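Sharing a structure here in structure tokens format.
The values are calculated or read from the model by the stated rules, or taken from the named source; none is laboratory data. Treat the numbers as computed from the prediction; the structure is a model and nothing was measured. Because the Cβ atoms are built from the backbone with ideal geometry, glycine has one as well, and the counts that use them run over all protein chains shown. Just the protein is used for accessible areas: all its heavy atoms, side chains included, with ligands, DNA and RNA removed. Shrake-Rupley method; radii C 1.70, N 1.55, O 1.52, S 1.80 Å.
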Amino acid sequence: MILDAVREKTKLPLIVVNTHAHYDHFFGNAVFAEAGVTEFWAHQNCANEINERGDMQRRRVGTIEPEMAAGEGDNVDLVMPNAIVRDQPVLVDLGGTVATLFYLGRGHTDGDLLVGTPSTLFVGDLVEQGAHPSFEDSYPEEWADALLHISALRHRYEFLIPGHGQPCSDQFVKTMASTMTTAVRQARQSIRDTPSDATKAIPVLPYGPEQSRWFIKRLQEACSNR
Ligand SMILES: [Zn+2]
């Protein structure tokens, strides 16, 4: 589907960027490989995660793509990223225009890669429009910082494309950043006040109960790893 949409725009050779190691962002690599793509970019941590645990994410596909879930059928093999970004930005010459691939530290996952072109910033699931953010593999405190960073960069780009949903305004990113910063503060307070039951913070957090549970869990893990 993505390939068809891209092919409506251009017949030029393609490269692929995996913004992070969630199945809905890299299981399609095989389709692009079959269409002749040889260059698959990702952050080092994302590439490691796909290598080590990518296959385990098949169960999350469920009934949407039964062949992918079972690993049987056309284009169901995992295609690993083979072009790696670490902490330094990488410029990719697309011929007539340059894309900058860069990392702002941990956030939605530990390997979120952003793509900037002269007009557009693609931020993966660091920003989601139309749904609560997902915190399962996240680092909430660092994510809030990354959002502030994105917000500060926003004026350089005409468009900001989130990992899901519609293109986002400057204000949307600012709000998401300040909401998460406040939520980190609230949840930390609650973890300090009632370490035995930090889930007490769930009703005050600005996310759904499920996301809030993960939010608190990930914050607690980050605290205990310090
Ligand atoms: Zn994701």
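Taking a probe of 1.4 Å, how large is the accessible area per residue of the chain, in Å²? Spell out each step's value before the answer.
Values: 12140 Å² over 226 residues.
Accessible area per residue: 54 Å².
Then there is this: Only helices at least 18 Å long along their axis, Cα-based, and averaging 0.0 or more on Kyte-Doolittle count here, so list those DSSP H runs from the chain.
On the way: long enough: 140-153 (20 Å, 0.31); 170-193 (35 Å, -0.60); 209-224 (22 Å, -0.97).
Helices meeting the span and hydropathy rule in the chain are 140-153.
If you take the charge dipole of the range 61-186 about its Cα centre, with +1 on Lys and Arg Cβ and -1 on Asp and Glu Cβ, which of 61, 95, 121 is farthest toward its positive end?
Of the listed residues, the answer is 121.
What percent does the relative contact order of the chain come to when contacts are Cα pairs within less than 8 Å and at least six residues apart? Mind dumping the intermediate values first?
Values: 374 pairs, mean separation 33.0, N = 226.
Taking the mean separation of contacting Cα pairs over the length of the chain, I get 15 percent.
Explain nothing, just the number: dipole magnitude of the range 160-226 about its Cα centre with +1 on each Lys and Arg Cβ and -1 on each Asp and Glu Cβ, in debye rounded to the nearest 20. Mind showing how you got there, number by number?
Working: 9 positive and 5 negative charges, 40 e Å.
Dipole about the Cα centre, nearest 20: 200 debye.
Out of 191, 223, 206, whose Cα points farthest toward the positive end of the dipole of the range 183-226 (charges: +1 Lys, Arg; -1 Asp, Glu; placed on Cβ)?
Checking the options against the dipole of the range 183-226, the answer is 223.
Something else now. For the chain, what is the Kirkwood estimate of the hydrodynamic radius, computed as the reciprocal of the mean inverse distance between distinct Cα atoms, to one decimal in Å? Write out the running numbers ahead of the final one.
On the way: mean 1/r = 0.0537 Å⁻¹.
About 18.6 Å, per the Kirkwood formula over Cα pairs.
If you average the alpha carbon positions of the range 28-65 and of the range 159-193, how far apart do those two centres end up, in angstrom?
When both Cα centres are located, 27 Å separates them.
Packing-wise, with mean Cβ within 10 Å as the measure, how do 106-115, 23-32, 1-10, 150-159 rank, highest first? Each step should come with its number before you reach the end.
Values: 106-115: 24.5, 23-32: 20.0, 1-10: 9.7, 150-159: 14.9.
So the peptides 106-115, 23-32, 1-10, 150-159, ranked by packing, come out 106-115, 23-32, 150-159, 1-10.
So, by mean Cβ neighbours within 10 angstrom, what's the order for 91-103, 120-132 with the highest one leading?
Numbers: 91-103: 13.6, 120-132: 19.6.
Most protected by this proxy first, the peptides run 120-132, 91-103.
Treating only the Cβ of Lys, Arg, Asp and Glu as charged (+1, +1, -1, -1), what charge dipole size does the chain show about its Cα centre? Round to the nearest 20 debye.
Magnitude of the dipole: close to 840 debye.
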